[in-house]
Amino acid sequence: LERLILAGDFNFQYDLRLPDNEPRKRPSSFVAFTDTFLHDCNNNYSDPLFETLPTFRRGKAIKTLDYIMVGRQLKDSYFDNDIEYIASTWTDHALLTIKMRLHLTNTGKGLWRANPNLAHYKSYVKKINAGISYFMQHILAESTDSSQIKWDRLKGYVRKLTKAYCSNRASWRREHLKQLQSSRNQLIRRLKGDQEALQQHLPAIEQSITHLEHEMSLNATLKAGRRWLDHNENSVGFLKKTAERRLAQRTMDTITHPTTSVPCSSTADKLEAVHDYYDVLYSPEPTHRYSMDKLLKGIQTTISVDDAEYIIAAIDMEDILQSANRCPKVSSPGKDGFPCPILRLILAHPACKDLALNVYNDALQLGVFPPSWQETCIVLLPKKGDLWNLANWRPISLINTDCKIGRASCRER
C-alpha cells in the first residue's frame, strides 16, 4: 500500500464542497480506504480556499470524476501535477498527470530525426525555402568545394534551420497550450454559477486546445511507431504510453559478453560487447574459388549494349523527384535525420537542381559519393527470447534518405 498508485475514473465526486454532492453519494468504505492509505495528487481538500477543477464534461454536465492517488511512500516523490482538457472527439474526460522523481535508466540521446509533418507547415516551408536561397547564393556560390561536399554542407544548414524551428515551435506550443488550459480553468471558476455564459465562451478556447493537441498527437504517433490506429487510439496519452513501452523494449538493461560471458550493465561494457559480437559475425570468410567459378558459369543471361547504355545514362531531375515521391513518408532516416518529405523540399528548390544532378550523376557514372552517403547507423531491435543474449537482437542498418533515393532512381531503370 505504501507504493500503490491508484488512477482512473472513480465515477463519483470526492469533494463534498462540490455542487449537489452529499456523503450518501460516495461509497463510504472506499473513501475510508483512500483517506487512510492514499494521497490525492491533484486536489488539496485541507485547504479551504482550494477549488477542485472539473475532469469530465459531456454537454452541460461538468463534474470532477477522475483522480490520481499514491501511497504514503510515493507522496514525497511527486513534485508537480496538472489537469488538461482533451479534445471532445477523443474523450469526455480530462488528462490528469503527475511528475515523480524516480530512478532513470542510463540511455543515450539517440539520433536526431526531423518531423516529416513539418513539410505541411507553411511557416516551415517558407523558412526553409528562404534559407536555401540565401545559402546557395551567398555561401556555396563562391565555394570551391566539390559538389559532394557542397551537398553535405547544404544538408547541414537545412538541419540547423530545422532544429531551430522545431525548438521554437515546441516552446511556443507548450507555452500557448499552457495558457489556453489556464484560461479555460479560470473561465470555469469565474462562470461556474452561470452555465449559459459558460457554454457560450468555453467552445472557442476548447477548439484552440484541440488544434494543438491534434498536432501533438501526430508527433506522438511518430514516436510511438504506430501507423494504423483504431478504437480511438490516437489520443496523446495512449501514444505517449506506447512510445514509452517501445523505448523500454529497445533498452538493453544487461547483456552477456559473447567472449567472456560476463554480464555487462554499463554503457561502455555494452558497447564493447556489441562491437566484439558483430566484429566476429560480419568478418569475411575465405572465398572458395571453385564454388565462385561454378556460380558464375551458371549465369546465362546478359543485357544488350543499348540496355547497358540506358542503365548508366544520366539521371534527370524528373527521375529524382519521382523516386522521392515514391519513398515512404515515415521511413526511418539515416544519420542526417532527413525523412523523405523534408528532403523533397530541398530537391524541389530551383536553386538546388544543378547541385543535386551533379551529385547523383557523379554517383552513378563515376562512383563518387558525398561523405554522408558512406556513413550508416546500425540499430538493434529485440526479437523473442532471452535479451541478455545478443543473438536475440536484430540489427538494421539505417542509411540516409538521399542515398535511398539515388538507389531507387537506378532500380527504376
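The values are calculated or read from the model by the stated rules, or taken from the named source; none is laboratory data. On a predicted model such as this, the values are computed, not experimentally measured, just so you know. As a convention, Cβ positions derive from the backbone with ideal geometry for all residues, glycine included, and neighbour counts pool all protein chains shown. Calculation scope for accessible area: heavy atoms of the full protein, side chains included, ligands and nucleic acids excluded. Shrake-Rupley method; radii C 1.70, N 1.55, O 1.52, S 1.80 Å.
Criterion applied to Lys150, Lys126 was being without any contact (Cβ under 8 Å) to a residue 40 or more places away in the chain, outside any loop (DSSP other than H, G, I, E, B) and either small (Gly, Ala, Ser) or over 30 Å from Gln73 (Cβ atoms) (or both), and the one residue passing it is Lys126. Considering (1) hydroxyl-bearing (Ser, Thr, Tyr); (2) closer than 22 Å to Thr401 by Cα; (3) free of Cβ contacts under 8 Å to residues at least 24 places away in the same chain, the lone condition that Tyr157 does not fulfil carries the number (3).
Could you tell me which of the residues Ser182, Ser208 is among the hydroxyl-bearing types (Ser, Thr, Tyr), over 12 Å from Glu84 (Cβ atoms), open to solvent by less than 70 Å² (accessible area, probe 1.4 Å) and within 33 Å of the chain's Cα centre (by Cα)? Exactly one residue qualifies, and that residue is Ser208. Kindly indicate whether Gln73 is farther than 30 Å from Thr36 by Cβ and either in contact with a strand residue (DSSP E or B) (Cβ under 6 Å, 6 or more places away or on another chain) or modelled with pLDDT under 95 (or both). Taking the combined requirement at face value, the residue does not satisfy it. Scanning the stretch 194-205 for residues that are open to solvent by 80 Å² or more (accessible area, probe 1.4 Å) and either over 17 Å from Gln181 (Cβ atoms) or not in a helix (DSSP H, G or I) (or both) yields Glu196, Gln200. All but one of (1) in a helix (DSSP H, G or I); (2) open to solvent by less than 30 Å² (accessible area, probe 1.4 Å); (3) in contact (Cβ under 8 Å) with a residue 60 or more places away in the chain hold for Met69; state the number of the condition that does not hold. All conditions are met except number (1).
For the stretch 314-338, name all the residues that are farther than 18 Å from Asp354 by Cβ and not polar (S, T, N, Q). Once the filter is applied, which keeps residues that are farther than 18 Å from Asp354 by Cβ and not polar (S, T, N, Q), the stretch 314-338 yields Arg326, Cys327, Pro328, Lys329, Val330, Pro333, Gly334, Lys335, Asp336, Gly337, Phe338.
Okay, residues lined up against (1) hydroxyl-bearing (Ser, Thr, Tyr); (2) under 29 Å from Gln181 (Cβ atoms); (3) modelled with pLDDT of 90 or more; (4) in contact with a strand residue (DSSP E or B) (Cβ under 8 Å, 6 or more places away or on another chain):
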| site | (1), (2), (3), (4) |
| --- | --- |
| Ile86 | no, yes, no, yes |
| Asp92 | no, yes, yes, yes |
| Ile98 | no, yes, yes, yes |
| Arg101 | no, yes, no, yes |
| Thr107 | yes, no, no, no |
| Leu111 | no, no, no, yes |
| Asn117 | no, yes, no, no |
| Ser123 | yes, yes, yes, no |
| Asn129 | no, no, yes, no |
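Inspect the stretch 131-141 for any residue being open to solvent by 80 Å² or more (accessible area, probe 1.4 Å) and among the hydroxyl-bearing types (Ser, Thr, Tyr) and give the result as yes or no. Yes - at least one qualifying residue is present in the stretch 131-141. Only a single criterion out of (1) among the hydrophobic types (A, V, I, L, M, F, W, C); (2) over 19 Å from Thr97 (Cα atoms); (3) in contact with a helix residue (DSSP H, G or I) (Cβ under 6 Å, 6 or more places away or on another chain); (4) at pLDDT 85 or above is not satisfied by Ala197, namely (3). Take the conditions (1) at pLDDT below 60; (2) more than 28 Å from the chain's Cα centre (by Cα); Asn232 misses just one of them, which is (2).
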